[in-house]
Amino acid sequence: MKLTILGCWGGYPAQNDASAGYLLEHEDFTLLVDCGSAVLSKLQNHTAPRNLNGVILSHYDADHIADIGVLQHALLIDKMLGNEKEALPIYGHTLDSKGFSSLTYKDITKGAAYSDEEALEIGPFTFTFLKTRHGAPCFAIRIECDGRTMVYTGDTSYFEELADFSKDADLLLCESNFYKGMDGEKAGHMTSTDAGTLAQKAEVKLLVLTHLPHFGEVSQLQEQAAEVFERQIIIARSGMEYYI
Ligand SMILES: [Zn+2]
């Protein structure tokens, strides 16, 4: 599968950039993971909104869903221009009924529920979920496809079960919203040291740091995570592509 980073900023997009959004492709199937602010703009550097086969959301905080409304507008306008398409499924959890109900819009998009109780098959991808520790209910997502595995932490503070959930992933897309020594737990986020510890315990092959902070020097996140994780670490940037 191919992963393209569309947005990597926590909270809000940095100038001319985007908050959380990740494009996953395998063969002819295209799936968007989270749809934060300015993700629709970044998406169009790679594909048209009409080419999406599905969207899956970790949770309903604005930096992960801000562009759902404009995605719905894009698809509505596309339909008015004569491009008929079935309603796009948007997968989300049901622990926030207002958030979940916003996923269905006319016959343009349709909300589809996931839970941590069963695996979900979407196209060539198999998804499993783990509820994280964050202010708003949020789920980490494990994605398996063609014998390869990617884990996306969503937003969370560090907790032990996340290491088992991430075990042996080829790529761990891990939030790192704070620097070494800061207290992420209260805010429901991880530090660079937490991200490195998670990657080390889970023995993942590649750690990609994302959900980046708007303060400090983000290159330090990589250096600090490397104090506890021995393998390769990359800081996410919009436009980066990885073949998993
Ligand atoms: Zn967030």
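Accessible area of segment 73-204 with a 1.4 Å probe: how many percent of it is carbon plus sulfur?
Working: 2970 of 6060 Å².
Using a 1.4 Å probe with all protein chains present, segment 73-204 comes out at 49 percent carbon and sulfur.
Springs between alpha-carbon atoms under 10 Å, Gaussian network over the chain: tell me which of 170, 61, 183 tops the mean-square fluctuations.
Looking only at 170, 61, 183, the biggest GNM fluctuation is shown by 183.
Where both residues lie in segment 43-136, what percent of DSSP beta bridges are antiparallel, nearest 5?
Roughly 35 percent of the beta bridges in segment 43-136 run antiparallel, per DSSP.
Among 102, 128, 70, flag the residue with its Cα farthest along the positive direction of the charge dipole of segment 42-154, charges on Cβ as +1 for Lys/Arg and -1 for Asp/Glu.
The one lying farthest along the dipole's positive direction is 70.
If r is the Cβ-Cβ distance from residue 226 to residue 148 and R0 is 25 Å, what FRET efficiency results, to the nearest 0.05?
0.60
Students sometimes get this wrong: rank 161, 223, 27 by accessible area, probe 1.4 Å, all chains present, largest first.
Values: 161 95, 223 115, 27 160 Å².
Ranking 161, 223, 27 by accessible area, largest first, yields 27, 223, 161.
When the helices in the chain are scored as -39500 (n - 2.57) per DSSP H run of 4 or longer and the sum is shared across all residues, what 222 nm value do you end up with, to the nearest 500 deg cm²/dmol?
Details: 7 runs with 51 residues, N = 244.
Theoretical 222 nm ellipticity from helices: -5500 deg cm²/dmol.
Please compute the net charge surrounding residue 154, taking Lys and Arg as +1 and Asp and Glu as -1 over other residues with Cβ under 13 Å from its Cβ.
Here the count lands on -3.
Multiply the residue separation of residue 27 and residue 98 by 0.36 nm, subtract the distance between their alpha-carbon atoms, and state the gained length in nm to one decimal.
Going from the current span to full extension adds 22.2 nm.
Cross-link candidates for residue 186: which lysines have Cα within less than 22 Å, leaving aside residues fewer than 8 places away along the same chain?
131
Under a GNM of the chain (C-alpha, springs under 10 Å), which listed residue has the highest mean-square fluctuation: 21, 196, 82?
Between 21, 196, 82, it is 82 that shows the largest mean-square fluctuation.
Considering only segment 2-243, what is the antiparallel percent among its DSSP beta bridges, to the nearest 5? Intermediate values should be presented prior to the final figure.
Working: 29 of 54 bridges.
If we restrict to bridges inside segment 2-243, about 55 percent are antiparallel.
How many Å² of accessible area per residue for the chain, probe 1.4 Å?
On a per-residue basis, the chain sits at 43 Å².
With a ≥ b ≥ c taken as the square roots of the eigenvalues of the C-alpha gyration tensor of segment 175-244, please select rounded if a/c is under 1.5 and otherwise prolate if a/b is larger than b/c or oblate if it is not?
oblate
Determine which lysines satisfy two conditions relative to residue 79: a Cα distance under 23 Å, and not lying fewer than 8 residues away in the same chain.
Filter leaves 42, 106, 110.
Please sort 34-44, 121-131 by packing, taking for each peptide the average over its residues of neighbouring beta carbons within 10 angstrom, highest first.
Highest mean packing first, the order is 34-44, 121-131.
Once fully extended, how much extra length lies between residue 81 and residue 159, figured as 0.36 nm per residue of separation less the alpha-carbon to alpha-carbon distance?
Computed gain between residue 81 and residue 159 is 23.3 nm.
The values are calculated or read from the model by the stated rules, or taken from the named source; none is laboratory data. This structure is a prediction, so every number in the text was calculated from the model and none was measured. Backbone-built Cβ (ideal geometry, glycine too); neighbour counts: all protein chains shown. Keep in mind that these areas ignore ligands, DNA and RNA; they rest on the heavy atoms of the full protein, side chains included. Shrake-Rupley method; radii C 1.70, N 1.55, O 1.52, S 1.80 Å.
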